[in-house]
Amino acid sequence: MAQATSIGTSTLAIDGGEPVRTTLLPYGHQSIEKADIDAVVEVLRSDWLTTGPKVAEFEEAFAARVGAAHAVSFSSGTAALHAAAFTAGLTSGDEAITTPLTFAATANCVLYQCATPVFADVTADTLNLDPEQVTNRISARTRAILPVDYAGHPAELKAILEIAQRHGLIVIEDACHALGAEYQGKSVGSLADMTVFSFHPVKHITTGEGGMVATSNPQFAVTLRRFRNHGISTDARQRQSAGQWQYEMVLLGFNYRLPDLVCALGLQQLKKLESNLARRREIAEYYAAAFHDVPGVILPTVRSEVYPAWHLYPIRLDLDKLTADRAQIFRALRAENIGVNVHYIPVYLHPYYRDRFGYKGGEFPVAEAGYARLISLPMFHGMSGRDVEDVIAAVKKVMHHYAR
Ligand SMILES: *Cc1c(COP(=O)(O)O)cnc(C)c1O
């Protein structure tokens, strides 16, 4: 951090200079320690590799942490979204309103149910779903709203829940970025009808692949459990302990189970959630302090009513103050071996959505303006102090170079 001035005048790696680092720093990465490995090995030696005691243990601990009555585990965050869309009753002819600035899975889960995702634009500060735009997009067919807590900053849940209540809609919050975040003093997971989490390796805790739906609605919990197990009303372990062979398939479900093997990993990872969050918040503070006066860098906004979880650290480029566009700055940072990324290409601009729904670009101008300026800097709890310094040095070096 101290050498910013000399770095600011040195040749960019993209122009043949020395890169800030010799190895690529990814934008996200898991942390696995001995206790994690031991927990998995213990289950490998036990009787239950798939649905066993660790599943319920993980679900109960998770529900308690996020402040929900129930948590139901799934084989991925995407499977969890699919189950939530099913449980919300989404079906052919229905619409669900969501944000374009998300991972495609948020909207895809609506399509899995043969319903139609309807996008609404985001607000310029947080890039989260704009409640006013949501209201504009409600029709007689609307059944659900799917806000996303972009980057780990909770969506405007108060306004969204009010809209949902007024129109009799179900809110499925995609909180895959926001495990551990708070909104108006309440834990994300305790607010929406269903809240979806992911345990992909770049998220706050990991099970390799995995996901969870948190809900305080007991009927939703029952349906979610059936949906992940072929639509069968009991699981194999329940039948074994009851000495029964009968089972009944009551709805068309899938095999979306999260194995005991990795629920043990999830339980162990959950113990580290507080320290993971604390480290991410600390990194966000270093970044904010380092970049507040760097030309061309716009820091992510944090509204006063939230406590974000910092899954991502998305800066935006103030393009008027720069001589290069986002693509050039992205390449320059990659050349310095900083594994920057972009979250997200607006979902409706993907070829599948363009072809199927006729989107041409220009439909949601705030999301598109955000997208054109976004760069996600590396943000994960396992970053060392040196890693953080490298990101800061590289951003300063590149931005000073391209400043007008
Ligand atoms: C990670 C993520 C998901 C789910 O992803 P999986 O890889 O299926 O666990 C869904 N939505 C968003 C916004 C995500 O970031």
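The values are calculated or read from the model by the stated rules, or taken from the named source; none is laboratory data. Fair warning: this is a prediction, and the values are worked out from it, not measured in the lab. Here the Cβ is made from the backbone with ideal geometry for all residues, glycine too, and neighbour counts use every protein chain on show. Quick note on the areas: whole protein, heavy atoms, side chains included, nothing else; ligands and nucleic acids left out. Shrake-Rupley method; radii C 1.70, N 1.55, O 1.52, S 1.80 Å.
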Item to check | Index of the failed condition, A242 passing every other in (1) aliphatic (A, V, I, L, M); (2) modelled with pLDDT of 95 or more; (3) farther than 14 Å from L81 by Cα | outcome: (2)
Next on the checklist: Here is a list: S10, S75, S31. Which entry is modelled with pLDDT under 95 and of a type in the set (S, T, Y)?
Outcome noted: S10
Next on the checklist: As an exercise: evaluate V41 against (1) farther than 16 Å from P201 by Cα; (2) β-branched (V, I, T); (3) in a loop (DSSP other than H, G, I, E, B) and give the number of the one condition it does not meet.
Outcome noted: (3)
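Yes/no matrix, rows are residues, columns are (1) open to solvent by less than 50 Å² (accessible area, probe 1.4 Å); (2) over 22 Å from D174 (Cβ atoms):
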{"site": "I298", "(1), (2)": "no, yes"}
{"site": "T301", "(1), (2)": "no, no"}
{"site": "R331", "(1), (2)": "no, yes"}
{"site": "P378", "(1), (2)": "yes, yes"}
Item to check | Lone unmet requirement of (1) crowded, with 21+ Cβ neighbours inside 10 Å; (2) touching a residue at least 40 places away in the same chain (Cβ under 8 Å); (3) under 16 Å from A309 (Cα atoms); (4) more than 9 Å from the ligand (Cβ to nearest atom) for F197 | outcome: (4)
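Looking only at helices (runs of 4 or more DSSP H) that lie completely in the stretch 320-401, which have at least 2 residues being touching a strand residue (DSSP E or B) at 6+ places or on another chain (Cβ under 8 Å)? Quick ask: steps written out before the conclusion?
Numbers: elements: 326-335, 351-357, 365-373.
Here the list reads 326-335, 365-373.
Conditions tested, residue by residue: (1) at pLDDT below 95; (2) open to solvent by 20 Å² or more (accessible area, probe 1.4 Å).
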residue: V213; (1), (2): no, no
residue: T234; (1), (2): yes, yes
residue: Q238; (1), (2): yes, yes
residue: K272; (1), (2): no, yes
Checklist entry - Of the residues that make up the stretch 133-151, is at least one open to solvent by less than 10 Å² (accessible area, probe 1.4 Å), of a type in the set (G, A, S) and assigned to a loop (DSSP other than H, G, I, E, B)? => result no
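Count, please, the residues in the stretch 219-232 that happen to be of a type in the set (V, I, T) and surrounded by 21 or more Cβ atoms within 10 Å (Cβ to Cβ). Don't jump to the end; show me each part of the working.
To start, the set of residues in the stretch 219-232 that are of a type in the set (V, I, T) comprises 222-223, 232.
Subset that is surrounded by 21 or more Cβ atoms within 10 Å (Cβ to Cβ): 223.
Residues that pass the stated criteria total 1.
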Checklist entry - Could you say whether any residue in the stretch 149-167 is closer than 18 Å to A64 by Cβ and small (G, A, S)? => result no
Checklist outcome for this item: For the stretch 33-64, the count of residues that are surrounded by fewer than 19 Cβ atoms within 10 Å (Cβ to Cβ), touching a residue at least 24 places away in the same chain (Cβ under 8 Å) and not acidic (D, E) equals 8
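Okay, residues lined up against (1) open to solvent by less than 40 Å² (accessible area, probe 1.4 Å); (2) assigned by TED's automatic domain parsing to the domain that holds A289; (3) of a type outside the set (S, T, N, Q):
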site	(1), (2), (3)
P314	yes, yes, yes
Q328	no, yes, no
K360	no, yes, yes
R373	no, yes, yes
D387	yes, yes, yes
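From the list E162, E173, E182, E209, pick out the single residue that is open to solvent by less than 10 Å² (accessible area, probe 1.4 Å) and either farther than 30 Å from A35 by Cβ or assigned by TED's automatic domain parsing to the domain that holds L129 (or both). Don't jump to the end; show me each part of the working.
Values: E162 fails: open to solvent by less than 10 Å² (accessible area, probe 1.4 Å); E182 fails: open to solvent by less than 10 Å² (accessible area, probe 1.4 Å); E209 fails: open to solvent by less than 10 Å² (accessible area, probe 1.4 Å).
Unique residue meeting the criteria: E173.
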